[in-house]
Amino acid sequence: MGRERELPVPAHHILSLPPPYDMPPYPADIFAGQTVLVTGGGSGMGLAMARAFAQGGAHVAVMGRSIERAEEGAAEIAKLGVRTHAMSCDVRLPDAVAAAFDEAEEALGPVSLLANNAGANFPILAEDISSNAWNAVTRIAIDGTFNCSTEFARRRIVAGQGGAIVNNSAQYIWTGFPGDAHSAAAKTAQATMTRKLAADWAPYDIRVNAVAAGFFPHATSTAGRREGGIEPLQNMIPAGRTGSIWEFGWLSAMTCTPLLGELSGQVIVQDGGESLRRSLMMPDFVPPRERADGPWGWR
Amino acid sequence: MNAWLAGKRARIDGRHDAIARAIEAAGATLVSEGECDIWVHIARPAATRPAHMLTHAEWRAGLDAGLDQRFLGAQDFAAARRARGKGGAVLFVGAPEQAHGADHAAAAGALGNLVKTLGVEWARDGIRVNAILTREVGPTLGHLAAYLVSDYAAYVTGAVMGVGIDD
């Protein structure tokens, strides 16, 4: 804890800061001999998850819609000294998911860890969401998590070996997310599925958890059209900062370690208090329709 | 996890072997009084009886142990941290809301929303507040507790979680 970098919060505020990226919370061999499959692992939060697993020694199968992005991510992860394999897959299609698992296991060995991260998200008014957009956002997250998790579980059950799944959910799952109706639905489905899948697969020693993540800026973040980037946004979060992408990756991977070997069915909110910020007196309510150009604006 | 809590002083109120072991193994010094960076409060096991069989005195004792003493303890801890100009971490550990009697259900629910509130009120003091409500007692609970009070969980505050599928 302390103040090791300049932040736009008042100087007398005290912030909690994570250890640096090169100090992961688990030993470098905690996932040795295991392979993780990360959906949407080529960039953003998926890449952070993939790196965190690699810091624990897991081989990483990087799955993405775009093979180019998956390959770029895999190249980054390989620098950590683990084997990687990049694949293109649409997680909405069960046959494609099965084929991708075959490909990953052919390249890297049995997949014993799964990170469901694939998702799409963009601010838009509910009345403007086309059926295509609704289907894309909800089905990548909901059907994608179902398809990948069930494919994973069937293989682990046949093998007679357990495994661990972590889902990338979001901080707004218990509150609604005005201006982002498709993602509000999609991310909560992932969280509530987490609990039931954990119960269904507990007899097979397959654990399922989720991290309900707050704002962890990365190269492909959506923050609306905002002058000055994300720096000013740090002050709106109770913690006084946005999250560091690696602390999200670490918590995700931590849930899959034997250190937390009994953890299952949990949805852990990691958002610096962002979803809890409220008071009876707040700035005037602005309907999403009328904040087109503001933070998280949709225009 | 050897260095999660290196250099930290932790006070644990209530007895819990797995949590005490994990926090010590993570490098913290356990203290029973004086300055501490971390305060962990563990609820003592509650008796479970139907509400109509509880006297008001028993009801009040349940609320006192499960809620009032925890709030007052958190106030004291936070005041001491603010006086030092330092952040800190509070962790409450107890059973899930529906695990015991109505006294526990009331106290645990109140505690959960208190955690969400204090996590925000004290966020800019660098003080994080979280809770684990679980039936589990083993090493996973210990490790999760140690993680939550460490800087690795610097972006986790106001969070209430369990451990197992029945939590």
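At a glance:
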{"quantity": "Matching residues in the range A:189-218 - criterion: being among the β-branched types (Val, Ile, Thr) and out of contact with any Gly (no Cβ under 9 Å at 6 or more places or on another chain)", "calculated": "A:Thr192, A:Val211"}
{"quantity": "Pairs with Cβ under 6 Å, 6+ apart, first in the range B:142-167 and more than 7 Å from chain A (Cβ to nearest Cβ), second part of a loop (DSSP other than H, G, I, E, B) and β-branched (Val, Ile, Thr)", "calculated": "B:Asp167/B:Thr134"}
{"quantity": "Residue count, the range B:35-54 (criterion: crowded, with 18+ Cβ neighbours inside 10 Å and in a loop (DSSP other than H, G, I, E, B))", "calculated": "4"}
{"quantity": "Checklist (1) of a type in the set (Gly, Ala, Ser); (2) part of a loop (DSSP other than H, G, I, E, B); (3) modelled with pLDDT of 95 or more applied to A:Gly224, failing item", "calculated": "(3)"}
{"quantity": "Single residue of A:Asn147, A:Asn117, A:Asn135 found to be open to solvent by 10 Å² or more (accessible area, probe 1.4 Å), over 26 Å from A:Arg51 (Cα atoms) and polar (S, T, N, Q)", "calculated": "A:Asn135"}
{"quantity": "Single match in A:Ala141, A:Ala189 (criterion: outside any strand (DSSP E or B), of a type in the set (A, V, I, L, M) and surrounded by fewer than 21 Cβ atoms within 10 Å (Cβ to Cβ))", "calculated": "A:Ala189"}
{"quantity": "Residue match in the range A:280-287 (condition: in a loop (DSSP other than H, G, I, E, B), closer than 22 Å to B:Asp151 by Cβ, of a type outside the set (A, V, I, L, M) and at pLDDT 85 or above)", "calculated": "no"}
{"quantity": "Filtered residue count, the range B:112-122, keeping only those that are within 9 Å of chain A (Cβ to nearest Cβ) and open to solvent by less than 10 Å² (accessible area, probe 1.4 Å)", "calculated": "1"}
{"quantity": "Cβ pairs under 6 Å, 6+ apart, first in the range B:65-82 and closer than 21 Å to B:Ala105 by Cβ, second among the small types (Gly, Ala, Ser) and in a helix (DSSP H, G or I)", "calculated": "B:Gly66/B:Ala107; B:Leu67/B:Ala107; B:Leu67/B:Ala110"}
{"quantity": "The range A:251-269, residues that are open to solvent by less than 30 Å² (accessible area, probe 1.4 Å) and more than 7 Å from chain B (Cβ to nearest Cβ)", "calculated": "A:Leu251, A:Ser252, A:Ala253, A:Thr255, A:Cys256, A:Thr257, A:Val267"}
{"quantity": "All positions within the range A:192-220 that are in contact with a strand residue (DSSP E or B) (Cβ under 6 Å, 6 or more places away or on another chain) and either farther than 13 Å from A:Val269 by Cα or away from chain B (no Cβ under 12 Å) (or both)", "calculated": "A:Thr194, A:Leu197, A:Ala198, A:Ile206, A:Arg207, A:Val208"}
{"quantity": "Residue among A:Pro8, A:Pro25 that is in contact with a Pro (Cβ under 9 Å, 6 or more places away or on another chain), modelled with pLDDT of 95 or more and open to solvent by less than 70 Å² (accessible area, probe 1.4 Å)", "calculated": "A:Pro25"}
{"quantity": "Filter result for B:Glu136 (more than 23 Å from A:Met23 (Cα to Cα), more than 7 Å from chain A (Cβ to nearest Cβ) and not small (Gly, Ala, Ser))", "calculated": "no"}
{"quantity": "Residues (open to solvent by 30 Å² or more (accessible area, probe 1.4 Å) and under 24 Å from A:Ala120 (Cβ atoms)) located in the range A:192-208", "calculated": "A:Thr192, A:Met193, A:Arg195, A:Lys196"}
{"quantity": "Selection from the range B:117-137 of residues that are of a type in the set (Val, Ile, Thr) and at pLDDT 95 or above", "calculated": "B:Thr117, B:Val120, B:Ile127, B:Val129, B:Ile132, B:Thr134"}
{"quantity": "Selected residue (criterion: nearest to the other protein chains (Cβ to nearest Cβ)) from residues of the range B:68-92 that are crowded, with 22+ Cβ neighbours inside 10 Å and not aromatic (Phe, Trp, Tyr)", "calculated": "B:Gly87"}
{"quantity": "Residue list for the range B:3-40, restricted to those being in contact with a Gly (Cβ under 6 Å, 6 or more places away or on another chain) and free of Cβ contacts under 8 Å to residues at least 60 places away in the same chain", "calculated": "B:Ala3, B:Ala6, B:Asp37"}
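The values are calculated or read from the model by the stated rules, or taken from the named source; none is laboratory data. Note that the structure is predicted; figures quoted are calculated from it, not measured. Glycine gets a Cβ as well: all are built from the backbone with ideal geometry, and neighbour counts include every protein chain shown. Note: areas computed on protein heavy atoms with side chains; ligands, DNA, RNA excluded. Shrake-Rupley method; radii C 1.70, N 1.55, O 1.52, S 1.80 Å.
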